[in-house]
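The structure appears below as structure tokens.
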Amino acid sequence: MTSPGRGPRSRRLRGVLLDVAPLRLDRDFRWLWFGQAVSGIGNQVTRLALPYQVYVMTGSTLAIAALTVFQLIPILLFSLGAGSVADAVDRRRLLIVTQIGLMASSAALVGLALVPSPPLIALFVVAFAAAGLGSIDQPARSSAVPRLVPPARLPAAIALGQLNFQIASVVGPAIAGIVISMIGLPAAYGLDVVTFAASFVGLVAIAPLPPHATAARPGLAAIREGLRYAMSRRVILSTFVIDLDAMIFGMPTSLFPVLALDVFHAGPTGLGLLGAAPAVGALLGALLSGWVSNVRRVGQAVIVAVLIWGVAIILFGLSTFSFLLALVFLAIAGAADVLSAVFRSTIVQLTTPDALRGRVSSIHILVVTSGPRLGDIEAAAAAAVIGAQASVITGGILCVLGVAVVARLFPELGRHVHATAESTVAIEPTAEPGEPAA
């Protein structure tokens, strides 16, 4: 027999838990999501296996740094051009092509892992090619999602995408460690190759995504048009600036080894826990994001989320007396970060017309990709002068102060309102900068 209060409690619970309506109601999004859920785990296996192989071959952290440079350069070089391509061609077909290229890259790593002493430069070349293909795949994929779900369900779809990434970030490395230790590197790369089958099935199952009738031809003119649009829409620009503020000043990842060994005295196990805590928090944040679709003042939500991130980082830096409490604050920071990502992506996607989404998405991805790396540099440089703990604390303080500066310089962000589905559909490129068009 059902208790009288069960219905309201059940509705409240559904309002908190992740909204899976896009998976239930939007067939093409469901296929794309499930394909990415499987292939994303394989991708994370390779992301761990490749630096592991480089370090085992060389015993040098500088070699790992060189690998990172080879992966960063194509992102910086190709992202903006990739966005113009994503706007000019069928995005489904483009995703199929990039997935074929990425699968071939992983297959090449299988072959190199089977060679007793593969040349290091060969691994770097494959990493460069895979990163270049990924810089094309990401804007095409993110700009495809608004075509697969109605505007009212886009925040939930973005949250589901974040859940996908966070699950892969937790499960993929765990599987990689087991496979590498028990079978070897070729099997780890081979697992990545096999998981691409799910991505191909998902992409073949969805309908074509032809370019908008007004889409520009790929090239410098198209790139400039995308940059002009993003820079002239101050609410979009504000999401880029506030994310850079959070990542450059509040990202302490590069200090985790120092903090684990010299501050918390937690050893290698503590280092692993510090790295895992933000991911666990982000996973929980995504699982408990059922309410995000009901948030209309998404600009204020971004500001609050980044403030929580900054305060959590400050408290993490102050919690040297308790390793467990420090992990809790890192998890809170991770949850705030994933919610900020959902709200910022919602603003970018719904404020941008479809003919420009690929290009604006590529700028968004460029910011999201470069911000944490700049944050690693800033945190390490500050730590060299004032120490690791002080670097974390001052970085968090600067992040919070930066939020106040962004809110002051970009009042459009605080005023931005998520419009109804009906008004969102009518968005045109001629909307005035700063208007709550989404």
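The values are calculated or read from the model by the stated rules, or taken from the named source; none is laboratory data. Because the structure is predicted, anything quoted here is derived from the model rather than measured. Cβ placement follows ideal geometry from the backbone for every residue including glycine, while neighbour counts extend to all protein chains displayed. Surface accessibility is based on the protein's heavy atoms, side chains included, excluding ligands, DNA and RNA. Shrake-Rupley method; radii C 1.70, N 1.55, O 1.52, S 1.80 Å.
Checking each residue in region 246-276 for being outside any loop (DSSP other than H, G, I, E, B), at pLDDT below 85 and surrounded by 18 or more Cβ atoms within 10 Å (Cβ to Cβ) picks out SER254, LEU255, PHE256, VAL258, LEU259, ALA260, GLY270, LEU273, LEU274, ALA276.
For residues that are over 22 Å from VAL367 (Cα atoms) and either in contact with an Asp or Glu (Cβ under 6 Å, 6 or more places away or on another chain) or touching a residue at least 60 places away in the same chain (Cβ under 8 Å) (or both), tally how many sit in region 58-87.
Taking region 58-87 as the starting set, the residues that turn out to be over 22 Å from VAL367 (Cα atoms) are 58-64.
After this cut, where a residue has to be either in contact with an Asp or Glu (Cβ under 6 Å, 6 or more places away or on another chain) or touching a residue at least 60 places away in the same chain (Cβ under 8 Å) (or both) as well, the list is 58.
Of the residues in that region, 1 qualify.
Going by the conditions given, is THR394 among the hydroxyl-bearing types (Ser, Thr, Tyr), surrounded by fewer than 24 Cβ atoms within 10 Å (Cβ to Cβ) and modelled with pLDDT of 90 or more? Yes. One residue stands out among those in region 148-165 that are of a type in the set (Gly, Ala, Ser) and open to solvent by less than 30 Å² (accessible area, probe 1.4 Å): the one that is farthest from the chain's Cα centre (by Cα), which is ALA156. For region 112-129, filtered to residues that are small (Gly, Ala, Ser) and closer than 13 Å to GLN53 by Cβ, the residue that is nearest to the chain's Cα centre (by Cα) is ALA127.
Within region 134-147, the set of residues being in contact (Cβ under 8 Å) with a residue 60 or more places away in the chain and either open to solvent by 20 Å² or more (accessible area, probe 1.4 Å) or within 15 Å of LEU209 (Cα to Cα) (or both) comprises GLN138, PRO139, ALA140, ARG141, SER142, SER143, ALA144, VAL145, PRO146, ARG147. Selection of region 340-382 for residues being over 22 Å from ALA230 (Cα atoms) and open to solvent by 20 Å² or more (accessible area, probe 1.4 Å) yields ARG373, ASP376, ILE377, GLU378, ALA380, ALA381, ALA382. In summary, ALA222 fulfils each of the numbered conditions (1) under 24 Å from ALA144 (Cβ atoms); (2) surrounded by fewer than 20 Cβ atoms within 10 Å (Cβ to Cβ); (3) at pLDDT below 90 with the single exception of condition (2).
I'd like to check something: does region 78-96 contain any residue that is buried (at least 17 other Cβ atoms within 10 Å of the Cβ) and in contact with a Phe, Trp or Tyr (Cβ under 8 Å, 6 or more places away or on another chain)? No, region 78-96 contains no residue that is buried (at least 17 other Cβ atoms within 10 Å of the Cβ) and in contact with a Phe, Trp or Tyr (Cβ under 8 Å, 6 or more places away or on another chain). Residue count for region 98-124 satisfying the condition of being out of contact with any Gly (no Cβ under 6 Å at 6 or more places or on another chain) and surrounded by 15 or more Cβ atoms within 10 Å (Cβ to Cβ): 17.
Would you tally the residues in region 172-205 being assigned to a helix (DSSP H, G or I), open to solvent by less than 50 Å² (accessible area, probe 1.4 Å) and either within 24 Å of ALA108 (Cβ to Cβ) or at pLDDT below 85 (or both)? Before you say what the answer is, go through the steps one by one.
Taking region 172-205 and keeping what is assigned to a helix (DSSP H, G or I), we get 172-182, 185-205.
Restricting the remaining residues to those that are open to solvent by less than 50 Å² (accessible area, probe 1.4 Å) gives 172-173, 176-177, 179-180, 185-190, 192-193, 195-196, 198-200, 202-203, 205.
Pick out the ones that are also either within 24 Å of ALA108 (Cβ to Cβ) or at pLDDT below 85 (or both) and you get 172-173, 176-177, 179-180, 185-190, 192-193, 195-196, 198-200, 202-203.
Residues that pass the stated criteria total 21.
Among what's in region 291-339 and is without any contact (Cβ under 8 Å) to a residue 12 or more places away in the chain and not in a helix (DSSP H, G or I), pick the residue that is least open to solvent (accessible area, probe 1.4 Å). So the residue we want is SER319. Determine whether VAL235 is among the aliphatic types (A, V, I, L, M), over 25 Å from the mean Cα position of the chain (by Cα) and crowded, with 17+ Cβ neighbours inside 10 Å. No, not satisfied.
Considering only residues that are buried (at least 19 other Cβ atoms within 10 Å of the Cβ) and either aliphatic (A, V, I, L, M) or more than 26 Å from the chain's Cα centre (by Cα) (or both), which ones fall in region 206-219? Selection gives ILE206, LEU209, ALA215, ALA216.
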